[in-house]
């Protein structure tokens, strides 16, 4: 059922003038999935509060909840066509009311790790590209069929969502930066062996593949107490991401894997001055595949002892600095790092050998990052 719903959504998006690539399809599916998820989360919390004789305070005002604007239901539980907006009414509501309202949460939130802040951040970063209100109504109806209240449902949806991210990687242009082959990530997680209670970090998290796989790895250990699960939810996984679309996808991907309010910050990690990083800022485990071939501005390069425009080399310095003493790291680095003779490459190899206990350099076969289909 889920697979068919995703296929139906993509079929409608292909007819939509505002969406032309797999990146657009995933972005537009993501914000709608997020609001549907949020509605389910709020309903669950309201039900729990009711059982305890308490009153739940909803995050969203009534008019902006999924059940009010997207899928108002009649007494028989089916869509109430008299109340459900469509066409220009729906487009105007989404563009002029819903998005500005949701974006305003960023200012109201008590801090960046709250679900309120994430709502504000997401809806300040992306736009509704579905220009036809009739197409939007059709997509909403398909999204409304999806249920992800149970772990089994979330698991199935997370697999389908991963497939969408993989398709983005195949879509050419800059899609590949969102996707690292999952077998490679799993192998890296298994070698690094994160433990419950350790803090795990990815400063270039893309679609959060490393954090999701590390979460699945730790969860699969079994016999987890309620306290363990709270630790996994709130104090284990940390990420930073510069690009808006990747940031939104990372949050949605982690939510579908079962992390309710992901600790992902939307920022350019490399603007952080290494000299300012203190022991309290460091992590037990670093897992990452930083972007290669990028060029950072001179003022960003000033933040690093080894000056270079190559983003991957700057990230490697950042990761070394972010590791606690005795911490462990698995990082993808391009192969020229081992052979280049320029000053930055030589200095960085020296830093790696002198300040870290370098365990293994694995040369991946050609094509590991291409032909992801």
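The values are calculated or read from the model by the stated rules, or taken from the named source; none is laboratory data. Since the structure is predicted, the reported quantities are computational estimates derived from the model, not experimental observations. Because the Cβ atoms are built from the backbone with ideal geometry, glycine has one as well, and the counts that use them run over all protein chains shown.
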Within segment 21-43, can one find any residue that is closer than 23 Å to residue 163 by Cα and in a loop (DSSP other than H, G, I, E, B)? yes
Looking at this structure, is residue 341 at negative phi and in contact with a helix residue (DSSP H, G or I) (Cβ under 9 Å, 6 or more places away or on another chain)? no
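For segment 45-67, state whether one or more residues are over 21 Å from residue 247 (Cα atoms), surrounded by 12 or more Cβ atoms within 10 Å (Cβ to Cβ), in contact with a strand residue (DSSP E or B) (Cβ under 9 Å, 6 or more places away or on another chain) and free of Cβ contacts under 8 Å to residues at least 40 places away in the same chain.
Initial filter on segment 45-67 (over 21 Å from residue 247 (Cα atoms)): 45-67.
Checking the rest, the ones that are also surrounded by 12 or more Cβ atoms within 10 Å (Cβ to Cβ) come to 45-46, 49, 56, 58-60, 64-67.
With the extra rule that they be in contact with a strand residue (DSSP E or B) (Cβ under 9 Å, 6 or more places away or on another chain), the set shrinks to 67.
With free of Cβ contacts under 8 Å to residues at least 40 places away in the same chain added as a condition, the list becomes 67.
Yes: segment 45-67 contains one or more residues that are over 21 Å from residue 247 (Cα atoms), surrounded by 12 or more Cβ atoms within 10 Å (Cβ to Cβ), in contact with a strand residue (DSSP E or B) (Cβ under 9 Å, 6 or more places away or on another chain) and free of Cβ contacts under 8 Å to residues at least 40 places away in the same chain.
Going by the structure shown, is residue 139 at pLDDT 95 or above and in a helix (DSSP H, G or I)? Working first, answer last.
On the way: at pLDDT 95 or above: yes; in a helix (DSSP H, G or I): yes.
The answer is yes for residue 139.
Looking at 314, 338, can you tell me which residue is over 25 Å from residue 198 (Cα atoms), assigned by TED's automatic domain parsing to the domain that holds residue 268 and part of a helix (DSSP H, G or I)? Show your work before the answer.
On the way: 314 fails: over 25 Å from residue 198 (Cα atoms).
Answer to the selection: 338.
Looking for whichever is within 19 Å of residue 146 (Cβ to Cβ) and either touching a residue at least 40 places away in the same chain (Cβ under 8 Å) or crowded, with 16+ Cβ neighbours inside 10 Å (or both) here; the options are 86, 21, 78, 29. Which one fits?
On the way: 86 fails: within 19 Å of residue 146 (Cβ to Cβ); 21 fails: within 19 Å of residue 146 (Cβ to Cβ); 78 fails: either touching a residue at least 40 places away in the same chain (Cβ under 8 Å) or crowded, with 16+ Cβ neighbours inside 10 Å (or both).
Among 86, 21, 78, 29, only 29 is within 19 Å of residue 146 (Cβ to Cβ) and either touching a residue at least 40 places away in the same chain (Cβ under 8 Å) or crowded, with 16+ Cβ neighbours inside 10 Å (or both).
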Just need a number here: residues in segment 219-243 that are part of a helix (DSSP H, G or I) and surrounded by 21 or more Cβ atoms within 10 Å (Cβ to Cβ). 0
Looking only at segment 317-335, count how many residues are under 21 Å from the mean Cα position of the chain (by Cα) and in a strand (DSSP E or B). 3
Within segment 124-139, can one find any residue that is on the phi < 0 side of the Ramachandran plot, in the same structural domain as residue 90 (by TED's automatic domain parsing) and within 15 Å of the chain's Cα centre (by Cα)? yes
Filter segment 282-307 for residues that are at pLDDT below 90 and part of a loop (DSSP other than H, G, I, E, B); the one that is farthest from residue 333 (Cα to Cα) is 297
Return the residue satisfying two criteria in turn: it lies in segment 286-305 and is touching a helix residue (DSSP H, G or I) at 6+ places or on another chain (Cβ under 6 Å) and under 25 Å from residue 115 (Cα atoms), and of such residues it is surrounded by the fewest Cβ atoms within 10 Å (Cβ to Cβ). 286
Given 265, 251, which one is surrounded by fewer than 22 Cβ atoms within 10 Å (Cβ to Cβ) and touching a strand residue (DSSP E or B) at 6+ places or on another chain (Cβ under 8 Å)? 265
Reported set for segment 89-131 where residues are touching a strand residue (DSSP E or B) at 6+ places or on another chain (Cβ under 8 Å) and surrounded by fewer than 18 Cβ atoms within 10 Å (Cβ to Cβ) is 112, 113, 125
Among (1) more than 17 Å from the chain's Cα centre (by Cα); (2) buried (at least 24 other Cβ atoms within 10 Å of the Cβ) - the single one residue 190 does not satisfy: (2)
